[in-house]
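Computed from the coordinates by the stated procedures, all read-outs in this text should not be read as laboratory data. All figures in this text were calculated on a predicted structure; none of them were measured in a lab. Every residue, glycine among them, receives a Cβ derived from its backbone with ideal geometry; neighbour counts consider all protein chains shown.
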């Protein structure tokens, strides 16, 4: 395909058509997320349409624009593509983005920096649980073996961190100790001074 210069137009939403062959589904929650992003940052990612105004890429953004009551959207018309190329691009545009992964250390750094600067991080597309997991300090690795020296009658293991992780650690401890009938595990909590 010959390389063409990209021209962005603004078209009325009513002049655009959904692609009946679109294989990508957009839940109401995802459309709401896109709408919040458009409200916060602006409509910065144009829709790709064919010569008839059928959306090739950007249906979620189109639905979000309608939800927001916008009258128009930025559009790039790809009139030079064949029908097969439009269909292939629609699939590639949705699938290729899913093939990347996060650099979790960098992601954690970026989200923490945004949060520390007072930016809202709830509208970034991550669930509450994903944000919690990213922002909690990494738990210390489980001790697989304790050197035996002078062993006392009782010893204390302190489990700290989010309650969900504490429960998991305690369950693992109970499971590991299950085949040691001579060892008794006592679980409890202690109030810690602030």
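Counting neighbouring beta carbons within 10 Å and listing from fewest to most, the residues 41, 126 come out as 41, 126. Ordering 62, 10 from the fewest to the most neighbouring beta carbons within 10 Å gives 10, 62. Sorting 38, 8, 121 from the fewest to the most surrounding beta carbons within 10 angstrom yields 8, 121, 38.
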